[in-house]
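Right, one structure below, let's go through it.
The values are calculated or read from the model by the stated rules, or taken from the named source; none is laboratory data. No experiment lies behind these values; they were computed from the predicted model shown. All Cβ positions, glycine included, derive from the backbone under ideal geometry; neighbour counts span all protein chains shown.
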């Protein structure tokens, strides 16, 4: 569904108590033709926050805002709108692992950060990429080694 269709579904289902459990995005060749897919829970569990259409700065801001409340990012999807990156994300109050989220990385930056975080005890749990104006933008979620013990 389109961004506006997703927003309508989101508003309708949230008003009935449903919560987004998973979100996927895809960008078509034409600008501003992003597509969304989502999996919803009946709302019987709480403690999740979701947003889509965020710029990198908005994603960072929401991650900090929700971090203060004890929420950590558990899913991230990137896509392009015209010549810029956009993100959809889910944060959970139940994730207790130490998490690092990085976005808008070139392949070289991604590899450098991967290597650096590995030496600090982090392991990649989610990585993806999207194309913006011919440039591949990588993003990922790392968890501390303690999350796997």
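Remarks
- Here is the figure for the stretch 101-127: residues that are farther than 19 Å from residue 57 by Cβ and assigned to a strand (DSSP E or B) total 6.
- Scan of the stretch 109-120 for residues that are surrounded by 13 or more Cβ atoms within 10 Å (Cβ to Cβ) and within 17 Å of residue 98 (Cα to Cα), ordered by number: 113, 114, 117, 118
- Qualifying positions in the stretch 64-94 - outside any strand (DSSP E or B) and touching a residue at least 24 places away in the same chain (Cβ under 8 Å): 66, 69, 71, 82, 83, 93, 94
- Comparison of 145, 46 shows that the only residue that is at pLDDT below 90, more than 26 Å from residue 1 (Cβ to Cβ) and surrounded by fewer than 15 Cβ atoms within 10 Å (Cβ to Cβ) is 145.
Residue-by-condition table, conditions (1) under 22 Å from residue 82 (Cα atoms); (2) touching a helix residue (DSSP H, G or I) at 6+ places or on another chain (Cβ under 6 Å):
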residue: 106; (1), (2): yes, no
residue: 111; (1), (2): no, no
residue: 118; (1), (2): no, no
residue: 121; (1), (2): no, yes
residue: 125; (1), (2): no, no
residue: 128; (1), (2): yes, no
residue: 132; (1), (2): yes, no
residue: 141; (1), (2): no, no
residue: 145; (1), (2): no, no
